[in-house]
Amino acid sequence: MKTEKRKYRGIEDLYEAEDELRIEREHHRMTAISQPISNSLTNLSSLPESNSLPENNSLSIVSSLPSGDEQAYQHNRLPELNRLPSSSNPDESKRPEDEALNLMASLPEVNGYMKFWHQLTDHLYQHLTPSEQVVHLQLYRLSWGHGKSTCEIGLPRLAARAGIGRSTAQQAVNGLVKKGLVKKLKMIIGSNKEQGIEYHVEPTSSQVKSGRLMESNSLPKPGSLPKSTPNKENTQKENTQTQPAPAAGVRVGSKFSIEECRKYAKHLQSTGQGITNPGGYATTIHRTGEADLLIDSFLHPESANTSATLDTSQCPDCQGTGFYYPQGIEAGVARCKHDQLRKEGK
C-alpha cells in the first residue's frame, strides 16, 4: 500500500510541477505585455520640466513623429507652380509650328480665270489616276485656258507644274493618250524656243454642246470680276457673212466647210505634223470648230502675216489674248482683229 501511495504521490507531484510551470509561463507572458506600459510610465519621470518643453507642450513622443513636410514628400515631388505654363495667356504657350500657314497669301497676283467643266471633276477624274488628273488639269489649263485646243510644253516643265516627277509625268501622259484624252501632235525642236511636244486636248461633250470652245478666259480689266449671272448658256450667235445663224436644235461647229477642213488636215499630214488620218481629223475639227483660227491662218496667210508684224500684246482690246468682249462679258466673246492697234500704228 505504501508503494502504491508513493507512486500516486509521485504522479500528483508531477501534476503540481506542470501546473506551477504553466502558471510561471503565464506570469512571464503577462509581465512581457505590461512591460512597455510600465516603461513608458517610468519615462515620464525623465521628461524635461514644463518650462523646457516646446510652446505647444507636446510630448517627446509626438515631437519625434515626422514633420509635416516629410509626411507630404509626395507633394514635394510635383513641379513647382512657377514652372508650369501659364493658362491665363494661351497664345504664349503656342509653338511657331502650331500656327496655321496661309499659303494662298504667298501666291503671286495673276489675272485671268478658266471655265472648268463639272463633267471633268464629277465624272472623268474618278477614272484617272492621281498623276493623270494633275497632268490633264495642267494641259487643259495651258490649252483651253487660252481658248485653244493645243498647247506646247516640255516634260520637265509639265512635271514641275503638276508637282510630280518626270517619270511619273511621262507615265501620266501615256495614260491620257491611251484613254483618248490627249494627242501628241508634233515634237518642237529648235533654237530660241522651248523644247517639248505640242499636245491636243480633247474638249468635253458639254463644252462642245455649249458652242464656247473658242471663248477667252482672260479678265477684260485687271482687278475686275465678271458679274454673277444665272447658270444658263447663251445660245444666241451673231449673224455674220462667214457664220450663218444656226437653225434651232443644230449644234454649233466650225464656220468652215468640211472641204476646207479636209484641205487643212491634208496640209498637216503632208508637212509631218502628226496627222495620220486626215479624214477623221477633218471631221473632228469641222464638228467642234476647235481649229478655226488655224484654218483661217492657213487659208488666209496674208492676214496672218499682217498680224505677225503687230505687237498684239499692246492691243488695247484684248491685251494680247486674241479675244475680247465687244459688248461686255454677258454678250459673249469675239475674235480680236486688233483694229485699234492698227489705227494707232498708222
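Annotations for the structure displayed:
- Hits in the stretch 246-286 (condition: at pLDDT 80 or above and in contact with a Lys or Arg (Cβ under 8 Å, 6 or more places away or on another chain)): SER254, PRO278, GLY279, ALA282
- Test result for GLU302, part of a loop (DSSP other than H, G, I, E, B), acidic (Asp, Glu) and either surrounded by fewer than 19 Cβ atoms within 10 Å (Cβ to Cβ) or at pLDDT 80 or above (or both): no
- In the set (1) over 20 Å from MET114 (Cβ atoms); (2) modelled with pLDDT under 80; (3) of a type in the set (Phe, Trp, Tyr), TYR324 fails one condition alone, (1).
- Filtered by the rule that a residue be in a loop (DSSP other than H, G, I, E, B) and either touching a strand residue (DSSP E or B) at 6+ places or on another chain (Cβ under 7 Å) or basic (Lys, Arg) (or both), the stretch 258-293 gives GLN273, GLY274.
Yes or no, residue by residue, for (1) farther than 26 Å from ILE285 by Cβ; (2) surrounded by 21 or more Cβ atoms within 10 Å (Cβ to Cβ):
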site	(1), (2)
HIS127	no, no
GLU132	no, yes
THR150	no, no
ILE153	no, no
PRO156	yes, no
GLY163	yes, no
GLY175	no, no
GLY180	no, no
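- Residues of the stretch 201-222 satisfying the condition of being touching a strand residue (DSSP E or B) at 6+ places or on another chain (Cβ under 8 Å) and either over 28 Å from GLU109 (Cα atoms) or at pLDDT below 70 (or both): GLU202, MET214, GLU215, SER216, SER218, PRO220
Conditions (1) β-branched (Val, Ile, Thr); (2) surrounded by fewer than 20 Cβ atoms within 10 Å (Cβ to Cβ); (3) in contact with a His (Cβ under 7 Å, 6 or more places away or on another chain); (4) modelled with pLDDT under 75, marked per residue:
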| position | (1), (2), (3), (4) |
| --- | --- |
| GLU290 | no, no, no, no |
| ILE295 | yes, no, no, no |
| THR306 | yes, yes, no, yes |
| ALA331 | no, yes, no, yes |
| ARG335 | no, yes, no, yes |
| ASP339 | no, yes, no, no |
| ARG342 | no, yes, no, yes |
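- Neighbours by Cβ (under 6 Å, 6+ apart or cross-chain): first from the stretch 284-297, touching a residue at least 40 places away in the same chain (Cβ under 8 Å) and hydrophobic (A, V, I, L, M, F, W, C); second buried (at least 21 other Cβ atoms within 10 Å of the Cβ) and part of a helix (DSSP H, G or I): ALA291/ILE285; ILE295/TYR264
- Filter pass, SER313 being at pLDDT below 80, surrounded by fewer than 14 Cβ atoms within 10 Å (Cβ to Cβ), in contact with a Gly (Cβ under 7 Å, 6 or more places away or on another chain) and over 19 Å from SER143 (Cβ atoms): yes
The values are calculated or read from the model by the stated rules, or taken from the named source; none is laboratory data. All figures in this text were calculated on a predicted structure; none of them were measured in a lab. Positions of Cβ are backbone-derived with ideal geometry, glycine not excepted, and every protein chain shown enters the neighbour counts.
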